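The values are calculated or read from the model by the stated rules, or taken from the named source; none is laboratory data. Note that the coordinates shown come from a computational prediction; the quantities given were computed from them, not determined experimentally. Here the Cβ positions follow ideal geometry from the backbone for every residue, glycine too, while neighbour counts run over all protein chains shown.
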Amino acid sequence: MRRAYDSAVRFVKMHGIGNDYVYLDAVTHPEIAARDDLPDLARRMSDRHTGIGSDGLILVCRPESSDAHVCMRMFNADGSESAMCGNGVRCVAKFAHDRLSVNANPMRIETGTRVLSIEYEVIEGRLTTATVDMGEPIFELADVPVDRAGLVRVLDDGVHAEFDAAGERFKAVFVSMGNPHAVIFIDDVSGLDLGRIGPQIERHRAFPERINAHFAQIRSRAEATMRTWERGSGITQACGTGACAVCVAGVRTGRLDREVLLHLPGGDLRVRWDELTNHVFMTGPATDVFEGDWPE
């Protein structure tokens, strides 16, 4: 029997290869975006024991830009707000198409960093797969941002840098895809104690806005396996912007070609760094899980 609530928020849980978020319709209900307790709401909804369970909360909102169809606003599971999520933005496109009748293809979605263009495929009236133009990667350390003073050194190649954390020294490539990433190439990701080292890398003093940490194992020039510690959420099944960062870092260091298949714990993403435009394109699925009413 369905329980009746005096007040409830309608939600949809969706995921992109296991990177799961709770989505709220702030287009139809703009009062949701005006709430002053969104960080706390994100923590409560995301709790995997007492809430819905997710990597965070995403609001689908009315855009401020006249160039966009909808706007994405996202909160991590710890309540912190982030500018961008690659897997999340594909699901925003699915939400807008399937539930808000936004049929423009490509669809333009406003994020905390820029308006992104998304092309998508539809099967039986439902968006299934999307390709996101993630824009140009950023490498300047101050713009990632990374504080040089917190690093051990920047290597002579100008690409790698070293820092100490969790009693180890790591050699990383730093990339911003609208949010900050540290990409670390290792021989085997399967035995990585990510739960121990991830939090210490995320909150290292060299990263003033914290950082997403990705460990990548090269399979071939066109294929790699990766694992992620995501700032604000911890170990996640996938990270779309992180997959883009791994592709870009692999190209810059001569490890990968410009078009790659990346294996993440939750599934696969295809990423292409276009040489002509310098833009990164990410392709992957967007999937409904379930929907319901969150009691207030």
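Descriptive notes on the structure:
- Residue check: residue 159 meets all listed conditions (1) within 21 Å of the chain's Cα centre (by Cα); (2) touching a residue at least 60 places away in the same chain (Cβ under 8 Å) but one, namely (1).
- The residue pairs whose first member lies in segment 30-56 and is under 22 Å from residue 234 (Cα atoms), whose second member is among the small types (Gly, Ala, Ser) and surrounded by fewer than 19 Cβ atoms within 10 Å (Cβ to Cβ), and whose beta carbons are closer than 6 Å, counting only pairs six or more residues apart or on different chains, are 39/79; 42/79; 43/79; 44/51; 45/51.
- Candidates are the residues of segment 173-185 that are out of contact with any Leu (no Cβ under 9 Å at 6 or more places or on another chain) and under 13 Å from residue 252 (Cβ atoms); the one that is surrounded by the fewest Cβ atoms within 10 Å (Cβ to Cβ) is 185.
- Filtered residues of segment 190-206 (kept if assigned to a loop (DSSP other than H, G, I, E, B) and free of Cβ contacts under 8 Å to residues at least 60 places away in the same chain): 190, 191, 192, 193, 203, 204, 205
- Of the residues in segment 186-198, not one is of a type in the set (A, V, I, L, M, F, W, C) and surrounded by 21 or more Cβ atoms within 10 Å (Cβ to Cβ).
- Evaluation of residue 241 against (1) among the β-branched types (Val, Ile, Thr); (2) out of contact with any Cys (no Cβ under 8 Å at 6 or more places or on another chain); (3) within 30 Å of residue 47 (Cβ to Cβ) (one fails), failing number: (2)
- The residue pairs whose first member lies in segment 260-287 and is surrounded by 20 or more Cβ atoms within 10 Å (Cβ to Cβ) and acidic (Asp, Glu), whose second member is modelled with pLDDT under 95 and in a strand (DSSP E or B), and whose beta carbons are closer than 9 Å, counting only pairs six or more residues apart or on different chains, do not exist in this structure.
- Residue list for segment 134-166, filter: in a helix (DSSP H, G or I), aliphatic (A, V, I, L, M) and surrounded by fewer than 16 Cβ atoms within 10 Å (Cβ to Cβ): 142, 149
- Residues being touching a strand residue (DSSP E or B) at 6+ places or on another chain (Cβ under 6 Å) and not polar (S, T, N, Q) - total across segment 175-187: 7
- Filter result for the condition that a residue is touching a His at 6+ places or on another chain (Cβ under 7 Å) and basic (Lys, Arg), over 108, 62: 108
- Search result, residues across segment 116-128 that are buried (at least 17 other Cβ atoms within 10 Å of the Cβ) and either of a type outside the set (A, V, I, L, M, F, W, C) or under 17 Å from residue 279 (Cα atoms) (or both): 116, 117, 118, 120
- Some residue of segment 157-173 being within 25 Å of residue 110 (Cα to Cα), in contact with a His (Cβ under 9 Å, 6 or more places away or on another chain) and not polar (S, T, N, Q): no
- Summed over segment 131-156, the residues that are in contact with a His (Cβ under 9 Å, 6 or more places away or on another chain) and farther than 13 Å from residue 180 by Cα give a count of 6.
- Taken together, 249, 245, 238 contain a single residue that is aliphatic (A, V, I, L, M), in a loop (DSSP other than H, G, I, E, B), in the same structural domain as residue 166 (by TED's automatic domain parsing) and in contact (Cβ under 8 Å) with a residue 40 or more places away in the chain, which is 238.
- The residue of segment 64-82 that is nearest to residue 234 (Cα to Cα), among those that are touching a residue at least 24 places away in the same chain (Cβ under 8 Å) and surrounded by fewer than 17 Cβ atoms within 10 Å (Cβ to Cβ), is 78.
- The residues in segment 176-232 that are of a type in the set (A, V, I, L, M), in contact with a His (Cβ under 8 Å, 6 or more places away or on another chain) and farther than 24 Å from residue 112 by Cα can be counted, and the count is 3.
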